[in-house]
């Protein structure tokens, strides 16, 4: 994969699209869950966490089913994407209290089709 193409993937809008694809495919969300666009609707803990992730160069998305709330944060790994020739992301999923529920490195093998990378 060309360096320019990989750098384009790292742009926030492209990384956000990759994260959206990942959440749809791997998020295991309840059927009535919906995305939270306004960060002021996050719990205070998740709002601080989202801000910290942004300051660290990551992209985040939050979802709720009005009973629970989840926040995903990710960054594209340029080196791993170059090795594989496919987009690779380091993803973290937080619960509403800010605890990490799950984290891992994932590669998009096809549109909306993700595989966990073996470390």
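Just a few scattered comments:
- For region 53-114 and region 33-48, distance of Cα centres in Å: 16
- Computed label-point distance, nm, for sites residue 82 and residue 38 using a 7 Å Cα→Cβ extension: 4.3
- One decimal place: the segment residue 52-residue 17 gains 10.6 nm when fully extended, by the rule 0.36 nm per residue minus the C-alpha distance.
- Were the residues from residue 101 through residue 67 laid out at 0.36 nm apart, the gain over their Cα-Cα distance would be 10.6 nm.
- Protection proxy ranking, highest mean first, for peptides 59-68, 32-41: 59-68, 32-41, where packing is the per-residue count of other beta-carbon atoms within 10 Å, averaged.
- The structure-derived value of Kirkwood radius over Cα pairs in Å appears in the list (i) 17.9; (ii) 14.5; (iii) 15.5 under the label (ii).
- The angle separating the long axis of helix 44-55 from the principal Cα axis of greatest extent in the chain is about 20 degrees.
FYI, it's all coordinate maths here, none of it is from the lab. Everything quoted here is computed from the prediction, not taken from an experiment. As a convention, Cβ positions derive from the backbone with ideal geometry for all residues, glycine included, and neighbour counts pool all protein chains shown.
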